[in-house]
Amino acid sequence: MGDRDRLHELRQQAHNAGIEGNSKMSEEQLRDALRRVGKGERPQMAKEHARR
């Protein structure tokens, strides 16, 4: 899978997890936010923590 496809898949997973406005997040930020949501953190809080 190419980098572009992988990033698209991560963005789709983030969208499905309720993390809105993720289009400017890096791959690393998306992975961090998804990991945080998986541990029970609210989607918007996970996004804010991942973007720091």
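The values are calculated or read from the model by the stated rules, or taken from the named source; none is laboratory data. Quick caveat: nothing in here was measured; it's all calculated off a predicted structure. Positions of Cβ are backbone-derived with ideal geometry, glycine not excepted, and every protein chain shown enters the neighbour counts.
Scan segment 18-52 for residues that are assigned to a loop (DSSP other than H, G, I, E, B) and under 8 Å from the mean Cα position of the chain (by Cα) and the total you get is 3. Remark: residue 9 matches the filter, which requires a residue to be on the phi < 0 side of the Ramachandran plot, part of a helix (DSSP H, G or I), acidic (Asp, Glu) and surrounded by 11 or more Cβ atoms within 10 Å (Cβ to Cβ). For residue 36, the test of being at pLDDT 95 or above and surrounded by 15 or more Cβ atoms within 10 Å (Cβ to Cβ) is passed.
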